[in-house]
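The structure appears below as structure tokens.
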Amino acid sequence: MRVAIAGATGNIGARTVAALEQAGHEVVRISRSLGVDLTTGDGLDAALTGVDAVVDATSYHQADDRAQAVAYFGTITGNLLAAEERAGVGHHVLLSIVGVDRVEGNPHMAGKREQERLVTEGPVPWTIVPFTQFHDFAATVTSWTEQDGAATIAPLLVQPIAPADVADILAEIATGAPQGRYRDVAGPAPQDLVDMARRTNDARGHAVELVPTWSSLFGSEMAGDVLLPGEGARIAPTTFEEWLAKPQ
């Protein structure tokens, strides 16, 4: 198959490219750095010529403003779907988040909900795949908040999944028939995000004082089991401990 990956140079996108190529598929990389701008649509029509499926693994790292996050995700999704319809693409796969409908105050979640709305109401057959947070999420959060040797982090309960497992599952789904809303996908076991950050930073030799707090990015509405997968979830194989033991 010929599969396009939006966000092909990102954490999950690059891994999905590799998973598809390893399975023998032809991959089209979509990224601004590669000459395709999802915010304007420039280069999209040419990139999607002959494409069978598109995986949207885009991300937005400045989602501290709800309106901006919704506008960004809405714009790139609208441009993608319109170009896919013109090109006759038969399957749009969206990487989404477990619990996206249970968190109202988080800007990033609001943007992802807008993506889901556009995909479900759009013209291209689709599969939406809700994943839990990734194994590297805790350290990523502390990298955002670290100042003067200390970093704030919310005491979230998550059931994290290895990025490589996410990529493998996206590649599998993209090369199959559209399935609508897919079941939740998670890693093997629940983890405390503060403990994950401590263990990850220790393993990387990065000294930082962690300050647990319900910050503006992750409010108390995300406490408890809000971010955990529902019944019947698909459980990916790689544990947090296994991921932590591998060179990153």
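The values are calculated or read from the model by the stated rules, or taken from the named source; none is laboratory data. Bear in mind the structure is a predicted one, so any value in this text is a computation, not a measurement. Virtual Cβ from ideal backbone geometry, glycine too; neighbours counted across all protein chains shown. Quick note on the areas: whole protein, heavy atoms, side chains included, nothing else; ligands and nucleic acids left out. Shrake-Rupley method; radii C 1.70, N 1.55, O 1.52, S 1.80 Å.
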(request) Scan region 128-168 for residues that are of a type in the set (V, I, T), under 19 Å from V100 (Cα atoms) and either part of a helix (DSSP H, G or I) or out of contact with any Gly (no Cβ under 9 Å at 6 or more places or on another chain) (or both) and jot them down. (result) V129, V141, V166
(message) Restricting to region 1-47, and then to whatever is closer than 16 Å to T75 by Cβ and of a type in the set (A, V, I, L, M, F, W, C), can you tell me which residue is surrounded by the most Cβ atoms within 10 Å (Cβ to Cβ)?
(response) I30
(request) Only one of these is at positive phi and either part of a strand (DSSP E or B) or open to solvent by 10 Å² or more (accessible area, probe 1.4 Å) (or both): G105, G50. Name it. (result) G50
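Within region 62-73, restricting attention to residues that are of a type outside the set (D, E, K, R) and buried (at least 16 other Cβ atoms within 10 Å of the Cβ), which residue is farthest from P229 (Cα to Cα)? Explain how you work it out, then say what you get.
The first filter runs over region 62-73 and keeps only residues of a type outside the set (D, E, K, R), leaving 62-63, 67-73.
Within this subset, residues satisfying the condition of being buried (at least 16 other Cβ atoms within 10 Å of the Cβ) are 63, 69-70, 72-73.
Numbers: A63: 23, A69: 24, V70: 24, Y72: 26, F73: 23 Å.
My answer is Y72.
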(message) Restricting to region 190-244, count the residues that are more than 17 Å from L157 (Cα to Cα), surrounded by fewer than 12 Cβ atoms within 10 Å (Cβ to Cβ) and without any contact (Cβ under 8 Å) to a residue 40 or more places away in the chain.
(response) 1
(message) Looking at region 21-33, I want the residues that are over 13 Å from D168 (Cα atoms) and of a type in the set (D, E) and have a partner that is open to solvent by 20 Å² or more (accessible area, probe 1.4 Å) and assigned to a strand (DSSP E or B) with Cβ atoms under 7 Å, at least 6 apart or on another chain. Which pairs are those?
(response) E26/R2
(request) Please identify the pairs in which a residue from region 163-186 that is over 16 Å from A18 (Cβ atoms) has its Cβ atom under 6 Å from the Cβ atom of a residue that is assigned to a loop (DSSP other than H, G, I, E, B) and open to solvent by less than 10 Å² (accessible area, probe 1.4 Å), counting only partners at least 6 apart or on another chain. (result) D184/V98; A186/T132
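Which count do you get for residues in region 80-95 that are buried (at least 19 other Cβ atoms within 10 Å of the Cβ) and either in a helix (DSSP H, G or I) or within 15 Å of the chain's Cα centre (by Cα) (or both)?
Keep residues of region 80-95 that are buried (at least 19 other Cβ atoms within 10 Å of the Cβ), which gives 80-81, 83-84, 87, 89, 91-95.
Now restrict to residues that are either in a helix (DSSP H, G or I) or within 15 Å of the chain's Cα centre (by Cα) (or both): 80-81, 83-84, 87, 92-95.
Counting residues in region 80-95 that are buried (at least 19 other Cβ atoms within 10 Å of the Cβ) and either in a helix (DSSP H, G or I) or within 15 Å of the chain's Cα centre (by Cα) (or both) gives 9.
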(request) List every residue pair whose Cβ atoms lie under 8 Å apart, where the two residues are 6 or more positions apart in sequence or sit on different chains, the first residue falls within region 41-63 and is more than 25 Å from T120 (Cβ to Cβ), and the second residue, located anywhere, is acidic (D, E) and open to solvent by 10 Å² or more (accessible area, probe 1.4 Å). (result) G43/D37
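Matching residues to (1) in contact with a Ser or Thr (Cβ under 8 Å, 6 or more places away or on another chain); (2) under 22 Å from G13 (Cβ atoms):
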| residue | (1), (2) |
| --- | --- |
| R86 | no, no |
| V103 | no, no |
| M109 | no, yes |
| L118 | yes, yes |
| W126 | yes, yes |
| H135 | yes, yes |
| E146 | no, no |
| A150 | no, no |
| D168 | no, yes |
(message) Only one of S59, S143 is under 24 Å from H25 (Cα atoms), at pLDDT below 95 and either surrounded by fewer than 20 Cβ atoms within 10 Å (Cβ to Cβ) or more than 14 Å from the chain's Cα centre (by Cα) (or both). Can you tell me which?
(response) S59
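Against the condition touching a Gly at 6+ places or on another chain (Cβ under 7 Å), at pLDDT 95 or above, over 27 Å from D184 (Cβ atoms) and not acidic (D, E), how does G88 come out, does it pass?
Values: touching a Gly at 6+ places or on another chain (Cβ under 7 Å): no; at pLDDT 95 or above: yes; over 27 Å from D184 (Cβ atoms): yes; not acidic (D, E): yes.
No.
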(request) Only residues that are at pLDDT below 95 and among the hydrophobic types (A, V, I, L, M, F, W, C): list them for region 101-126, please. (result) V103, M109, A110
(request) Scan region 178-189 and give yes if some residue there is on the phi > 0 side of the Ramachandran plot and modelled with pLDDT of 95 or more, otherwise no. (result) yes
